[in-house]
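As structure tokens, the structure follows; a few thoughts come after it.
The values are calculated or read from the model by the stated rules, or taken from the named source; none is laboratory data. Bear in mind the structure is a predicted one, so any value in this text is a computation, not a measurement. Cβ: placed from backbone, ideal geometry, glycine included. Neighbour counts: every protein chain shown. For accessibility, only protein heavy atoms count, side chains too; no ligands or nucleic acids. Shrake-Rupley method; radii C 1.70, N 1.55, O 1.52, S 1.80 Å.
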Amino acid sequence: MERFPRASAYLKCIEPTCRATYDAGEQLYACERCGGLLDVCYEWSPAALHDILATFDARRASYHPYDQSGVWRFRELFPFATSPSQVVTLGEGNTPLWDAPRSAHYAGLKRLTVKHQGLNPTGSFKDNGMTTGIAQARRLGARAVACASTGNTSASLAAYAARAGMHGIVFIPGGRIAYGKLAQSLDYGAVTLQIEGNFDDAMRLVRDLARTTPLYLLNSVNPFRLEGQKTIAFELLQQRRWQVPDRVVVPGGNLGNVSALGKGFKELHDLGLIPRLPKLTVVQAEGAAPLVRWYAAHRVGNLLPVNRPKTLATAIQIGNPVSWLKAVRALDWTDGICTTVSEQEIADAKAIIGRDGIGCEPASAATVAGLRRLVSEGLVHPEEDVVAILTGSALKDPDFTVQYHTGQLFTDAERETHLAYAEGHLMSTFANAPRQVPGKPDVLRQIILDLLAEPSCPTA
Ligand SMILES: *Cc1c(COP(=O)(O)O)cnc(C)c1O
């Protein structure tokens, strides 16, 4: 294989007082000595990294699948695979970076760009991490891979397990799951186990099972997932000709993504490939904001889990985020901050992003909602150069969108039983409901003429 880097990886505990190291071929999800989270670390070879940014740029014109992948294109920066045969790629990454002028205006920024990870093969950034997680699963000879998931990790795992010829087993919470996500894991052939309880309960169960059965765990507690997700940082820099933005904003659930971005930017900086770090900014939903609460409590002691996390943005409905210590580290490295947003703010921001011609799922819209709040509080300057990461596709959760635009979005609703009960009616501030009209040419002609008499570009 052309330029497939030689493996030089090892695992290292992130606890400053421990720092135990392990062989990268060991199947570990936590430090055996202290229980801490693990990082994949490398002995970087200066020769392999010579002129590496130019190599990455040249690969954008390549026909080779590894070069075309928006993850494996950057493989010298995560050299852990021991053979090219371990790579299973669906051409993940390669997601667009777009100007979002209406969203910028709404947030109070002069300019805003969004990187839409929802344009990945299964519709979320989880694919960036799944391709590397599956590579490590192959390296270890795993036959079955598993995860707990609010939906997107299971969709991604199901697809990559199918491509790799492995059993995929996904544990999803009881109750509400976005149908787009459930549909994917069913279609891709994963064994789909809907358990009683929420995501945090499912996570605990699958972590135990990974200890007592040969399942290989592919949640973001698995550090090899984060190695793929850190390439989101590389790709967004490459799209900006390696110019570092002032700030990168992400929604926070299990906090794997902000951890991965932090590691990616930090490694590039440590290697002398970029001159500074962007400030990482995490936005959580008010009803599922354990990280923000920990900061508000002056960072004392351990993070207190939120027992019944609640938000319609199901991808971030997580009360006990596994990667919180890595997230704190990422915010410390980059002088980052975190904030919360309400359900109403998420719903409205999503509609505004839509007016930019960009569809994202509710969790992704927390970024623009959070920016709006931070600008109004004076914590983000209106002239900052900001990139918001839109984490998932609008098509994952069309129910949310239709209910918003038709005035039927409730923070608490039993949907399956046709609103047998519904509470917390959200306002449809930017509603665009379908209109019932007769199929009569005269009536329709008048509707069109009335429409064209209005100013042509309604601004948000
Ligand atoms: C997984 C996910 C998140 C949350 O990311 P974490 O790494 O768990 O913090 C946010 N949005 C979407 C669409 C996701 O799929």
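For region 99-119, a residue qualifies if it is of a type in the set (A, V, I, L, M) and away from the ligand (no atom under 16 Å from the Cβ), and the qualifying residues are ALA100, ALA104, ALA107, LEU109, LEU112. Restricting the first member to region 323-348 and to residues that are within 16 Å of the ligand (Cβ to nearest atom), and the second to residues that are in a helix (DSSP H, G or I) and among the polar types (S, T, N, Q), the beta-carbon pairs closer than 8 Å and six or more apart or on different chains are SER323/SER259; LYS326/SER259; ALA327/SER259; ARG329/SER259; ALA330/SER259. The residue pairs whose first member lies in region 82-108 and is open to solvent by less than 40 Å² (accessible area, probe 1.4 Å), whose second member is assigned to a loop (DSSP other than H, G, I, E, B) and among the acidic types (Asp, Glu), and whose beta carbons are closer than 9 Å, counting only pairs six or more residues apart or on different chains, are ALA100/ASP356; SER103/ASP356; ALA104/ASP356.
Checked against (1) in a helix (DSSP H, G or I); (2) more than 16 Å from the ligand (Cβ to nearest atom); (3) in contact (Cβ under 8 Å) with a residue 60 or more places away in the chain; (4) of a type outside the set (Val, Ile, Thr), ARG373 passes all but condition (3).
Taking region 376-409 as the region of interest, how many residues are away from the ligand (no atom under 13 Å from the Cβ) and assigned to a loop (DSSP other than H, G, I, E, B)? Break it down into steps so the answer makes sense when it comes.
Let us first name the residues in region 376-409 that are away from the ligand (no atom under 13 Å from the Cβ), namely 376-387, 398-399, 401-409.
Still in the list and also assigned to a loop (DSSP other than H, G, I, E, B): 377-385, 406-409.
Residues flagged as away from the ligand (no atom under 13 Å from the Cβ) and assigned to a loop (DSSP other than H, G, I, E, B) within region 376-409 amount to 13.
Taking the options LEU157, LEU215, LEU119, name whichever one is over 29 Å from ILE358 (Cα atoms) and either touching a residue at least 40 places away in the same chain (Cβ under 8 Å) or of a type outside the set (Lys, Arg) (or both).
On the way: LEU157 fails: over 29 Å from ILE358 (Cα atoms); LEU119 fails: over 29 Å from ILE358 (Cα atoms).
Of the residues listed, the single one that is over 29 Å from ILE358 (Cα atoms) and either touching a residue at least 40 places away in the same chain (Cβ under 8 Å) or of a type outside the set (Lys, Arg) (or both) is LEU215.
Only a single item in (1) surrounded by fewer than 13 Cβ atoms within 10 Å (Cβ to Cβ); (2) closer than 23 Å to GLY123 by Cα is not met by ALA47, and it is number (2). Please specify each residue of region 418-457 satisfying the condition of being part of a loop (DSSP other than H, G, I, E, B), open to solvent by 80 Å² or more (accessible area, probe 1.4 Å) and modelled with pLDDT under 90. HIS418, TYR421, GLU454, PRO455, SER456, CYS457, listed by residue number. Working only within region 173-210, note down all residues that are within 16 Å of ASN254 (Cα to Cα), open to solvent by less than 60 Å² (accessible area, probe 1.4 Å) and either modelled with pLDDT of 95 or more or assigned to a helix (DSSP H, G or I) (or both). Answer for region 173-210, where residues must be within 16 Å of ASN254 (Cα to Cα), open to solvent by less than 60 Å² (accessible area, probe 1.4 Å) and either modelled with pLDDT of 95 or more or assigned to a helix (DSSP H, G or I) (or both): PHE199, ASP200, ASP201, ALA202, MET203, VAL206. Any chance region 294-309 includes a residue that's open to solvent by 10 Å² or more (accessible area, probe 1.4 Å), in a helix (DSSP H, G or I) and away from the ligand (no atom under 16 Å from the Cβ)? For region 294-309, residues open to solvent by 10 Å² or more (accessible area, probe 1.4 Å), in a helix (DSSP H, G or I) and away from the ligand (no atom under 16 Å from the Cβ): present.
Total residues in region 125-167 satisfying the condition of being more than 16 Å from the ligand (Cβ to nearest atom), open to solvent by less than 10 Å² (accessible area, probe 1.4 Å) and among the aliphatic types (A, V, I, L, M): the figure is 6. The set of residues in region 53-72 being within 26 Å of the chain's Cα centre (by Cα) and in a helix (DSSP H, G or I) consists of LEU53, PHE56, ASP57, ARG59, ARG60, PRO65, TYR66, ASP67, GLN68, TRP72.
If you go through region 1-27 and keep only what is part of a loop (DSSP other than H, G, I, E, B) and open to solvent by less than 20 Å² (accessible area, probe 1.4 Å), you end up with ILE14, ALA20, ALA24.
How many residues are charged (D, E, K, R) and either part of a loop (DSSP other than H, G, I, E, B) or near the ligand (Cβ under 8 Å from one of its atoms) (or both) when one looks only at region 220-261? Give the steps one after another, and end with the answer.
Filtering region 220-261 down to residues charged (D, E, K, R) leaves 225, 227, 230, 235, 240-241, 246-247.
Then drop every residue that is not either part of a loop (DSSP other than H, G, I, E, B) or near the ligand (Cβ under 8 Å from one of its atoms) (or both), which leaves 230, 240-241, 246.
So the count comes out to 4.
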